[in-house]
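The structure under discussion appears below in the form of C-alpha cells.
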Amino acid sequence: AGVFGITDDVLGGFTDDVKAAFPVIAQRLRPRAQIEQAYRQTLSTHEEDNRQTVSAAEDILFTTFTKELADKVKINPKYVNRRGQELNNDLWEITKWFFTRYNEKNDDCRFVIDEFNRTITATEYRELPVLFYYWTGSRNRPYRSQKMYGMAKDFKPKAGQITLSSIIGRGILHELECANEGVLTIPTVQAPCQIALYTVTLVSGSSRTEHAVLCGLTDSGKALDDAACRSIFDLPVESSTEDERRSPHWLKGTSRPHPLDRLVPSDKMMAEQLERLSPAQAEEMERMKQQVSADKAALSRELNTLDSQVQQAQAELEAVTGDRLKRLAAQKKINQLRQEYMKHQESQFFDAMRLDMELEEKMKR
C-alpha cells in the first residue's frame, strides 16, 4: 500500500489500487492557472468587505486591546512592517523639525537634510556640536552629533541610525516635551490669574469622548471658566517665559495634584452629557445593543452547525470499513468541512469585533 495525496482540495488516504483510485481523484483536479485565476477572483470579489473588516478590527485592537484578545490574536508580519513604516515616517518628520530648528537657532554647524535618501549630514563645522544632554542612569551626559544620520535599516555607522530607541531618537522625542508651567505677559488683562489645561474623559456605555477644558483663578479668588480662559488666550501677548522643567504630558494621562483641579466642571459636563440622552435615545441605544447580541448569537449558531457537520462526517468515515474509495471521499469531505470551520471561526472573531466597533460608532452619533 502507498500514501496518495493531492494539494488542491487536499485528498489523502491509503489504497492498494492506484489505477482504480486515480479516475475518481482526477475528476476534481484543476490546472494551476485555473486555481490562480479562481484565487484572484475570490480576492477581488471580497476585497472591499475584507478592507472594512480589517479596518474595524484595527480600530478595536488599538483602542481596547485586552489580555483576552492578546491570547487569541496573531500579528501578521506584513501588518507589523506596515505599522513600523508609519512610525518611521512620523519619526522622520520629527527629526527634520529638530534639525531645521537647530539650523535656525545656531551657526556652529549646518545640517543638510536629504529628503529622498532620508539622511542628515553635518556641514560647515569646526567641531561637531553637542545637540542635547541625556540621562545614562547615573548622570546627564552630553550627546555630540554624528557626521551623518540616516533612517535606513542597514544605515552605517550604526551610531548614526535614527530609531525610536536610539540615543538620537530618544533625544529628539525629548525635545517635544512641554514645560510644566509658563508665564504670559498680556497688558490688556486687568487681574493677574492662573490658568490650567485639563483633559476630561466622559464614558457612557461603550462611548468614550475626550474634552479639552481650561480652568482659571484670579489672584483675587475669582474663578474663570473655559470660555473666559480662551478669551484671555485670544489677546495679544507681549512676552512669554517657560519653566525649565519639562515633562512629556503628551505621553501620559495624569500629572501631580494642583489647586485648580477643584475647578474642573466634571459634574456639569456629566449632567450635560446625560441631558443629550433623551429617553428615546436611551431606548434606541438599548435596541442597538440587543441587535448586536443577536447578531453575535447568529454567528455562534453558524459555527456550531459546522461543528456538528464535522462530527457527523467523522462518524460516517468510521462507519466505512471495507471500501477504500468511500473512505477516501469521506476523508476529503471531513477535510473540507474542517477548513470551512476554521475559516468561519476566524471570521467570527473579526465579525464580532466589527459589530462592536459599529455599535460604538453609532452610539457616538
Exercise. Which value, in debye to the nearest 20, gives the size of the charge dipole of region 98-240 about its Cα centre, when Lys and Arg are +1 and Asp and Glu are -1 at the Cβ?
Worked result: 860 debye
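Could you please report the charge total around residue 93, scoring K, R as +1 and D, E as -1 over all other residues with beta-carbon less than 15 angstrom from its beta-carbon? Could you put the intermediate results ahead of the total?
Working: positive: 96, 101, 118; negative: 86, 90, 114, 115, 175.
So the environment of residue 93 carries a net charge of -2.
Based on the Kirkwood radius over alpha-carbon pairs, what value in µm²/s does the Stokes-Einstein equation return for the translational diffusion coefficient of region 82-124 at 10 °C and 1.306 mPa s? Present the calculation step by step, with values, prior to reporting the outcome.
Values: Rh = 11.2 Å.
It diffuses with D of about 142 µm²/s by this estimate.
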For this session: Under a cut-off of 15 Å between alpha-carbon atoms, report the aspartates and glutamates in cross-link reach of residue 332, not counting same-chain residues fewer than 8 places apart.
Result: 8, 9, 316, 318, 323, 340
Exercise. Among 133, 99, 157, whose Cα lies farthest out toward the positive end of the dipole of region 77-176, if unit charges sit on the beta carbon of Lys, Arg (+1) and Asp, Glu (-1)?
Worked result: 157
Exercise. What FRET efficiency would be calculated for the residue pair residue 140, residue 269, taking the C-beta separation as r and a Förster radius of 30 Å, to the nearest 0.05?
Worked result: 0.10
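Rg over Rh of region 112-233, using C-alpha atoms and the Kirkwood radius, what does it come to?
1.17
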Exercise. How would you rank 155-168, 323-336, 36-49, highest first, on the average number of other Cβ atoms within 10 Å across their residues?
Worked result: 323-336, 155-168, 36-49
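Over 28 Å between C-alpha atoms is what I'm after, so list which of 289/333; 289/343; 296/362 land there.
In this structure, 289/333 exceed 28 Å between Cα atoms.
Since every read-out is calculated from the coordinates, none of them should be taken as a lab result. Given the structure is predicted, the values throughout are model-derived calculations rather than measurements. Please note: Cβ atoms are built from the backbone with ideal geometry, for glycine as well, and neighbour counts cover all protein chains shown.
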